[in-house]
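The values are calculated or read from the model by the stated rules, or taken from the named source; none is laboratory data. Bear in mind that the values here come from a model prediction, so they are computed numbers and not experimental data. Quick reminder, even Gly has a Cβ in these numbers, built from the backbone with ideal geometry, and neighbours come from all protein chains shown. Accessible surface areas use protein heavy atoms only, side chains included; no ligands, DNA or RNA. Shrake-Rupley method; radii C 1.70, N 1.55, O 1.52, S 1.80 Å.
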Amino acid sequence: MLRTHHCGQLQLTDQGKEVILSGWVQTLRNKGYLIWIDLRDRYGITQIVCVQDITHPYIFEKAKNLTREDVISVKGTVTPRKSPNPHLATGQIEIAPTALEVLNKAKLPPFTIEDHTDGGSELRMQYRYLDLRRKPLQQNLIFRHQVNTHIRSYLNQKQFIEIETPALIKSTPEGARDFLVPADTQAKKQLYYALPQSPQTLKQLLMIAGMDRYYQLVKCFRNEDLRADRQPEFTQLDCELSFVTQEDIITLFEGLIQHLFQTTKHIALPQFTRMPYRQAIELYGTDKPDLRWGMPFVDFTHLAKGKGFTTFDQAEKIIGITLPQGAQLSRKQIDHLTEFVKKPHIAASGLAYIKYLADGNIRSPLEKWYQQQELQQWVQKSKAQKNSLILMLAGEKATTYQALSLLRIHTGKTHLPHLSKNFMPLWVTDFPLLTWDSEAGRYEAMHHPFTAPKATDLPLLATHPSQVQAQSYDIVINGTEIGGGSVRIHQKYLQLQILKLLGFSTQQAHQQFGFLLEALSYGTPPHAGIAFGLDRLCMILGEGTSIRDYIAFPKNNAGRDVMLDAPSALI
């Protein structure tokens, strides 16, 4: 037997027991006549104490030669600790060893395996199997397992069934490039499978098959330019239901998120806010707004133009945000924000501001061009309270909205930390069905080609396609999109009409989606679905900073696995 207990288990009530523990040497302290060994496994740490003239000389000599990360097995007796450690679950006991076996020696690790390590991110990814020995990452993976368990429990109780779909499928356009897999490299005619970007068409086929409540924790693959919160392969919670409406989906999966927050964090979330897409853009400049800080956009264009201030007079839009009462910033802090908006990825010309003081007076560089009563109108429009600050940007509408959105997020995170601890989920709805691609000279699907338009907008498909709204919905928490879905098209004629708007000829539509179009001919029920990015969801629930911390073996920013040296040439 290599162990009778794990290293986070033994307590004073186990005093006198003979036990066997196995694990890694976390630390080793040698005072010559006294050796302390902290033995670690994923459950915790237990202290082993070797005392000269008491511990068998053979064991004492072995203990002297141990190094960090050696794998050992220790047999011994549980004894009370003379100086208990209140920060350790096993801090009231220690083990007096009667046998010690070195199961495997370890060479010096490339970085310190501690909660706070000295290894850089790329080095730790190269030796990910060592990085995963650290308690924070182990806790993240355990937390992810708990999230998966709670997801399955909730959905199973709602009469869902978990069904696996294939990983080798036909290539279909879904927004990113496919990863392709040669089917037979020896054949004269090259044939390829594609790795699924999502099981979208497959889960629709399951609805046609009568499996009316499906879910799957499934690997998805997207060959796209990577950002900090993306991976070329990731995990989705994928769901589809028959005979449901958009309202049914929102109610059911809002309940799932509330269930996860309650079971993993003991936080009771209230009913989620709902916001149409166009309102999100107008108020926050993004379709995934972070509501924690308030600060919706205020349009000052009408009040600001025509007063002789060239920057404002030449701008298409002058918009601002109002910091909450009491969030006055110093001139130095405002200067830092001015430098922030001039960064290349934001590229604003400058930052204007109004300080609405506690005595009701106004202080602003804009006083050179505007009288106090004019600036008072700006304050009234912004609904600012006394002792608050208004920040403004001006320029072309699209770029100014984008710049102010970034400024708002930066200001909230930097200067309103007390509000950043909240969780503010919302549903964003009523997305456009189509967007116009000026380079390609055709429409593109805002989500994917299988999203159903709103029934009231169907007549606009023939006359004003850009005005058609989709029956689609995204769920956003603290500015991060964690999931989204839509009601699907379940009639063949409508699916063909949408594909035609997307630039597919009838022949191309049947070549690309013939299997789905044929299936839609056999009595397809109305159906809808949603998919959650499990990695992001775990990051939000775990209050982490990167999805990589919740993935066992992630890729780097270039999509490379530096541990496996992949991708690489075939040998």
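Restricting to the range 1-32, give me the number of residues that are in contact with a strand residue (DSSP E or B) (Cβ under 7 Å, 6 or more places away or on another chain) and either among the aromatic types (Phe, Trp, Tyr) or part of a loop (DSSP other than H, G, I, E, B) (or both). Reasoning before the result, please.
Keep residues of the range 1-32 that are in contact with a strand residue (DSSP E or B) (Cβ under 7 Å, 6 or more places away or on another chain), which gives 1-8, 10-12, 14-29.
Right, trim to either among the aromatic types (Phe, Trp, Tyr) or part of a loop (DSSP other than H, G, I, E, B) (or both) and you get 1-8, 10-11, 15-17, 24.
Summing the residues that are in contact with a strand residue (DSSP E or B) (Cβ under 7 Å, 6 or more places away or on another chain) and either among the aromatic types (Phe, Trp, Tyr) or part of a loop (DSSP other than H, G, I, E, B) (or both) in the range 1-32 gives 14.
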Looking only at the range 420-459, and only at residues there that are touching a Pro at 6+ places or on another chain (Cβ under 8 Å) and of a type outside the set (Asp, Glu), the one that is farthest from Gly285 (Cα to Cα):
Pro449
Among the residues of the range 356-402, which ones are under 20 Å from Thr310 (Cα atoms), small (Gly, Ala, Ser) and surrounded by 16 or more Cβ atoms within 10 Å (Cβ to Cβ)?
Ser364, Ala394, Gly395
Which one of these does Ala398 not meet: (1) hydrophobic (A, V, I, L, M, F, W, C); (2) under 21 Å from Asp313 (Cα atoms); (3) at pLDDT 95 or above?
(3)
Of Leu337, Leu416, Leu426, Leu407, the only residue that is within 30 Å of Lys454 (Cα to Cα), of a type outside the set (Phe, Trp, Tyr) and either crowded, with 16+ Cβ neighbours inside 10 Å or touching a strand residue (DSSP E or B) at 6+ places or on another chain (Cβ under 6 Å) (or both) is Leu426
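Hey, among Leu34, Leu12, Leu2, Leu21, which residue is among the hydrophobic types (A, V, I, L, M, F, W, C) and surrounded by 15 or more Cβ atoms within 10 Å (Cβ to Cβ)? Step through it out loud before you land on a result.
Numbers: Leu34 fails: surrounded by 15 or more Cβ atoms within 10 Å (Cβ to Cβ); Leu12 fails: surrounded by 15 or more Cβ atoms within 10 Å (Cβ to Cβ); Leu2 fails: surrounded by 15 or more Cβ atoms within 10 Å (Cβ to Cβ).
Exactly one of Leu34, Leu12, Leu2, Leu21 is among the hydrophobic types (A, V, I, L, M, F, W, C) and surrounded by 15 or more Cβ atoms within 10 Å (Cβ to Cβ), namely Leu21.
Counting just the residues of the range 185-212 that are open to solvent by 60 Å² or more (accessible area, probe 1.4 Å) and more than 23 Å from Arg488 (Cα to Cα), which one comes out nearest to the chain's Cα centre (by Cα)? Lay out the reasoning, then the answer.
Residues of the range 185-212 that are open to solvent by 60 Å² or more (accessible area, probe 1.4 Å), as a first pass: 185-186, 188-193, 209, 211-212.
Next, only the ones that are more than 23 Å from Arg488 (Cα to Cα) stay: 185-186, 188-193.
Details: Thr185: 37, Gln186: 41, Lys188: 43, Lys189: 41, Gln190: 37, Leu191: 35, Tyr192: 31, Tyr193: 29 Å.
Per the criteria, the residue is Tyr193.
Residue-wise test of (1) free of Cβ contacts under 8 Å to residues at least 40 places away in the same chain; (2) farther than 26 Å from Ser405 by Cα.
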| residue | (1), (2) |
| --- | --- |
| Tyr443 | no, yes |
| Asp457 | yes, yes |
| Thr463 | yes, yes |
| Ser466 | yes, no |
| Ser472 | no, no |
| Val476 | no, no |
| Glu481 | no, no |
| Gly484 | no, no |
| Ile489 | yes, yes |
Those residues that are open to solvent by 40 Å² or more (accessible area, probe 1.4 Å), in contact with a helix residue (DSSP H, G or I) (Cβ under 9 Å, 6 or more places away or on another chain) and closer than 20 Å to Ile45 by Cβ, I need them from the range 118-148; list them, please.
Pro136, Leu141
So in the range 432-470, with the set limited to residues that are assigned to a loop (DSSP other than H, G, I, E, B) and within 24 Å of the chain's Cα centre (by Cα), which one is farthest from Asp290 (Cα to Cα)?
His448
Are any of the residues in the range 149-158 open to solvent by less than 50 Å² (accessible area, probe 1.4 Å), over 20 Å from the mean Cα position of the chain (by Cα) and among the β-branched types (Val, Ile, Thr)?
no
Answer yes or no: is there a residue in the range 164-184 that is touching a residue at least 12 places away in the same chain (Cβ under 8 Å), among the acidic types (Asp, Glu), open to solvent by 30 Å² or more (accessible area, probe 1.4 Å) and farther than 26 Å from Ala519 by Cα.
no
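Every residue, every condition in (1) of a type in the set (Val, Ile, Thr); (2) open to solvent by less than 90 Å² (accessible area, probe 1.4 Å); (3) touching a Lys or Arg at 6+ places or on another chain (Cβ under 7 Å); (4) free of Cβ contacts under 8 Å to residues at least 12 places away in the same chain, yes or no:
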{"position": "Lys62", "(1), (2), (3), (4)": "no, yes, no, no"}
{"position": "Thr67", "(1), (2), (3), (4)": "yes, yes, no, no"}
{"position": "Asp70", "(1), (2), (3), (4)": "no, yes, yes, no"}
{"position": "Val74", "(1), (2), (3), (4)": "yes, yes, no, no"}
{"position": "Val78", "(1), (2), (3), (4)": "yes, yes, yes, no"}
{"position": "Lys82", "(1), (2), (3), (4)": "no, no, no, yes"}
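Only one residue in Ala558, Ala569, Ala531, Ala552 is under 32 Å from the mean Cα position of the chain (by Cα), at pLDDT 95 or above and assigned to a loop (DSSP other than H, G, I, E, B), so which one is that? Don't jump to the end; show me each part of the working.
Details: Ala558 fails: at pLDDT 95 or above; Ala569 fails: at pLDDT 95 or above; Ala531 fails: assigned to a loop (DSSP other than H, G, I, E, B).
So the residue among Ala558, Ala569, Ala531, Ala552 that is under 32 Å from the mean Cα position of the chain (by Cα), at pLDDT 95 or above and assigned to a loop (DSSP other than H, G, I, E, B) is Ala552.
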Given the options Ile45, Ile54, name the one that is assigned to a loop (DSSP other than H, G, I, E, B) and open to solvent by 40 Å² or more (accessible area, probe 1.4 Å).
Ile54
Screening Leu537, Leu496 for residues that are among the aliphatic types (A, V, I, L, M) and either part of a loop (DSSP other than H, G, I, E, B) or within 30 Å of Gln139 (Cβ to Cβ) (or both) leaves only Leu537
Restricted to the range 455-493 and to residues being among the charged types (D, E, K, R) and more than 30 Å from Lys413 (Cα to Cα), the residue most open to solvent (accessible area, probe 1.4 Å) is Lys492
For the subset of the range 247-286 comprising residues that are in contact (Cβ under 8 Å) with a residue 40 or more places away in the chain, surrounded by fewer than 17 Cβ atoms within 10 Å (Cβ to Cβ) and charged (D, E, K, R), which member is farthest from Ile151 (Cα to Cα)?
Arg278
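Going through Gly484, Gly503 one at a time, which residue ends up being in contact with a Lys or Arg (Cβ under 8 Å, 6 or more places away or on another chain) and either more than 28 Å from Phe243 (Cβ to Cβ) or not in a helix (DSSP H, G or I) (or both)?
Values: Gly484 fails: in contact with a Lys or Arg (Cβ under 8 Å, 6 or more places away or on another chain).
Only one candidate qualifies: Gly503.
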